[in-house]
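See below for the structure under consideration.
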Amino acid sequence: MSKRLRLWNTATVKAMRISHSTLGLALGALLYLVCISGSVAVFYEDFERWEQPAIPEYQAYDDQSLSQAVDNHLQQLEAPPQTLYVVLPTETLPRIHLASLDEADTSTEWYVNQSGDLVAQPHAPWQEMVTNLHNHLLLPETLGLIITGSLGAALCALIISGFLAHPSLIKDLFRFRKHRSSRLRQLDLHNRLAVWGLPFHLMMGVTGAFFGLVGVLAASGAWLWYDNDRDALIADIYGPDIETVDAGGTINYDRALQQLSQIEPDATPIYLIIQNIGTDQQLLEVAATLPQRLVFSEIYRFHPDGTPLGNQGLADGPGGRQVAYSVYRLHFGHFGGIWTKLIYLVMGIGLSLICATGINVWLIRAPRATWLAPLWSGFVYAVPGSLGVAASGSLLGGSPILVFCSSLIMLTALFGWIRFSALSRRWTIGILAAVTAAIPATHLLSFSGTEFPLAVIVINLSFAGMSLALILLALRGFRPARGETANLAVLDNHQTS
Amino acid sequence: MLIGCLTAIAISMVLLYAGSTPDESDRLLTLTGLGALTASLILWWTTYGPEFGSVYWLISTALLAWALTFLVPLRNTKTSAKVAKTEQRAERADSATHSPAQAELPHHRRTWRRVGLSLLGGPLALIASALICLAAARWLPFDTSARWIIATFCLPLVWAVQLIQVSGNTPRRALVTAGIFSTLGLVGITL
């Protein structure tokens with residue numbers, strides 16, 4: 001005991017364990033939902049391509065095609081917008097699309113081909129549903145954001161209480177009692193995943209809370225320090241806008257991009273912002289990523305004739321500004337290419353497993369929880385299953401939100417019943433395999449005759465591979481580990497009594 | 001360079017793994033492992049810069065540790081017979097104390113009551129935390145925007161601590177603590 005840090009005295013450990021189980025039970029299901037959807041949402045750009053595989057893809061563009069695209073987009077609008085975005089092709093999303101907001105905040109977006117002609121409007125309902133599920137749990141945006149932000153803070157609380165509830169942290173760093181009782185196995189799985197993933201998961205908690213609660217604190221900060229002027233607060237944090245005069249005429253994109261390559265040769269432009277287009281106060285801003293930097297972008301400003309007007313200071317301004325602007329890439333793993341996304345997927349699945357096993361540990365020792373254990377088990381399997389059903393349903397023209405919600409209820413009931421009836425888990429895995437296999441099959445059916453880009457083929461193959469792995473798992477069956485038979489016996493006893 | 005970075009982490013993981021056996025932990029090996037882990041961070045920084053390097057280092061440490069824990073069956077062979085016996089005894093005791101039949105119903109009812117109280121007390125703790133963060137940030141020797149950013153990033157952590165208070169204490173003590181913090185925050189802001 002004397003070897004242990006004073007941090008871990010008996011009273012602290014007891015209080016932390018109570019807090020950990022209370023918070024875990026209160027919020028485990030919502031956290032699980034956010035973690036699973038977040039793991040999938042990391043690939044949102046790839047799924048955008050998957051849902052619209054026929055959009056022309058290219059990396060090269062020139063001044064003429066950009067001007068043509070902007071002109072064509074403006075023709076679709078009743079009045080020139082205050083701000084027009086031209087999202088440039090990147091390695092992960094090699095397409096150009098234009099977006100603008102009108103006075104009523106209605107968004108108009110178009111994909112364009114290499115000549116600048118409008119091709120189609122973005123339409124990726126499943127990907128949007130998954131992103132919205134992660135961002136605001138499909139609730140009204142403000143309320144949902146506050147709830148998910150709160151879940152981020154709750155995740156931090158669970159991490160801190162879990163850490164302080166673990167006195168033998170160093171001794172147990174690699175302990176996994178695979179062949180022991182079900183409770184010990186689940187407990188070890190929970191603890192080992194959590195201890196090693198702690199810094200990453202804490203980072204996710206803090207950044208997630210930042211997204212959700214930034215609105216609340218912006219309102220409070222504006223009230224406290226800026227006479228309730230929220231725009232002044234935002235301008236102070238992210239840098240103020242600038243105004244140009246006598247800046248009419250045609251925009252010289254080519255010159256601006258050439259100037260940028262001279263000012264910052266390592267910068268990679270990702271989108272253009274055209275302010276007050278068609279007026280004397282036009283301003284061209286080029287957002288560009290910088291190598292080895294987590295800031296979402298630096299924004300370089302240009303006169304319409306291509307003369308540089310300075311940068312916003314997002315990458316070289318005050319430290320706080322740089323930190324605030326780095327949160328997005330850090331949270332969503334959008335840096336370093338596909339490998340970073342894959343690793344974020346693994347870490348996200350790890351966090352989802354921590355949520356699932358945490359509640360499992362509590363349920364194994366819960367008295368008279370005959371209905372809760374199958375319900376939780378059903379929910380854990382139903383969430384990925386419902387996302388899969390929603391993907392197929394969306395490809396067939398259904399509403400992904402409706403399909404997801406209804407299939408979540410049905411699959412939870414079905415998987416829960418399978419567990420409650422003490423049927424083999426291979427049925428659950430078999431159904432999940434069928435759901436996963438249906439996704440690429442529906443995709444091929446929906447887009448037959450389309451020439452798919454490599455990324456889309458890889459996504460379909462990944463789904464097929466996952467389905468095959470699940471089939472093999474179902475065929476191999478599950479050998480109940482020591483203690484699992486005992487749990488089933490307890491379940492039986494509960495049922496008979 | 002990536003191979004070098006990963007090898008450095010792998011070496012430190014093996015040292016930590018060897019130093020943390022279930023029967024007795026070897027402090028020297030553990031410390032060497034931690035030292036090697038720190039050295040590998042510097043290697044990641046020099047290769048990928050401090051920002052990407054830190055994230056990659058964190059992630060690869062976790063992934064390698066998970067791989068060692070769940071894929072390498074070394075633990076069983078290392079465990080001595082004495083330790084195995086102790087573990088089995090502990091497991092029997094664990095099964096006896098943690099089986100549903102032995103679990104106390106009132107204890108679990110208390111847990112659910114706490115869950116309800118935490119859901120009610122959480123928003124109050126949020127208000128208290130926001131007030132504290134804004135009040136504390138006000139006294140920092142930085143410009144206003146920096147103060148706001150510090151308050152924003154501290155909020156989840158301060159709220160997390162408050163949530164632990166709310167969910168881990170008796171309702172009365174939790175409410176009193178949240179009340180005290182809210183008052184302190186309000187006083188700090190109005191001063």
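For the reader, a short list of remarks on this structure follows.
- The residues of the stretch A:219-249 that are farther than 30 Å from A:Thr307 by Cα and either in contact with a strand residue (DSSP E or B) (Cβ under 8 Å, 6 or more places away or on another chain) or buried (at least 18 other Cβ atoms within 10 Å of the Cβ) (or both), listed by number, are A:Ser220, A:Gly221, A:Ala222, A:Leu224, A:Trp225, A:Tyr226.
- For the stretch A:288-324, filtering for residues that are closer than 28 Å to A:Gly249 by Cα, of a type in the set (D, E, K, R) and surrounded by 20 or more Cβ atoms within 10 Å (Cβ to Cβ) leaves 2.
- A:Pro199, sole failed condition from (1) without any contact (Cβ under 8 Å) to a residue 60 or more places away in the chain; (2) at the interface with chain B (Cβ under 8 Å from one of its Cβ atoms); (3) more than 30 Å from B:Ala135 (Cα to Cα): (3)
- Among (1) at the interface with chain B (Cβ under 9 Å from one of its Cβ atoms); (2) modelled with pLDDT under 90 - the single one A:Thr250 does not satisfy: (1)
- Breaking point among (1) surrounded by 22 or more Cβ atoms within 10 Å (Cβ to Cβ); (2) of a type outside the set (Ser, Thr, Tyr); (3) within 14 Å of chain B (Cβ to nearest Cβ), for A:His179: (1)
- Scan of the stretch A:392-404 for residues that are in contact (Cβ under 8 Å) with a residue 40 or more places away in the chain and not β-branched (Val, Ile, Thr), ordered by number: A:Ser392, A:Ser394, A:Leu395, A:Leu396, A:Ser399, A:Pro400, A:Phe404
- Contact map, the stretch A:206-218: first residue more than 8 Å from every other protein chain (Cβ to nearest Cβ) and of a type in the set (Val, Ile, Thr), second residue surrounded by fewer than 24 Cβ atoms within 10 Å (Cβ to Cβ) and in a helix (DSSP H, G or I), Cβ cut-off under 7 Å, separation 6 or more or different chains; pairs are A:Thr207/A:Val327; A:Thr207/A:Leu330; A:Thr207/A:His331.
- A residue that is away from chain B (no Cβ under 14 Å) and touching a Pro at 6+ places or on another chain (Cβ under 7 Å) can be found somewhere in the stretch A:260-271.
- Residue within the stretch A:249-272 that is farther than 23 Å from A:Thr90 by Cβ and within 31 Å of the chain's Cα centre (by Cα) present: no
- When the stretch B:10-46 is filtered for residues that are within 12 Å of chain A (Cβ to nearest Cβ), crowded, with 16+ Cβ neighbours inside 10 Å, β-branched (Val, Ile, Thr) and assigned to a helix (DSSP H, G or I), the ones remaining, listed by number, are B:Val14, B:Thr30.
- The requirement of being at pLDDT below 90, closer than 19 Å to B:Thr30 by Cβ and facing chain B (nearest Cβ under 8 Å) is not satisfied by A:Leu169.
- Among the residues of the stretch B:142-181, just one is touching an Asp or Glu at 6+ places or on another chain (Cβ under 9 Å), farther than 20 Å from A:Ser150 by Cβ and surrounded by 19 or more Cβ atoms within 10 Å (Cβ to Cβ), namely B:Ser145.
- Here A:Leu217, A:Leu309 are screened, and the one residue that is touching a Cys at 6+ places or on another chain (Cβ under 9 Å) and not in a loop (DSSP other than H, G, I, E, B) is A:Leu217.
- The numbered conditions (1) more than 10 Å from every other protein chain (Cβ to nearest Cβ); (2) in contact with a helix residue (DSSP H, G or I) (Cβ under 6 Å, 6 or more places away or on another chain); (3) of a type outside the set (A, V, I, L, M) are all true for A:Glu298 except (2).
- The stretch B:167-186, subset touching a Lys or Arg at 6+ places or on another chain (Cβ under 9 Å) and in contact (Cβ under 8 Å) with a residue 24 or more places away in the chain, residue nearest to B:Ala125 (Cα to Cα): B:Ser167
The values are calculated or read from the model by the stated rules, or taken from the named source; none is laboratory data. Bear in mind the structure is a predicted one, so any value in this text is a computation, not a measurement. Because the Cβ atoms are built from the backbone with ideal geometry, glycine has one as well, and the counts that use them run over all protein chains shown.
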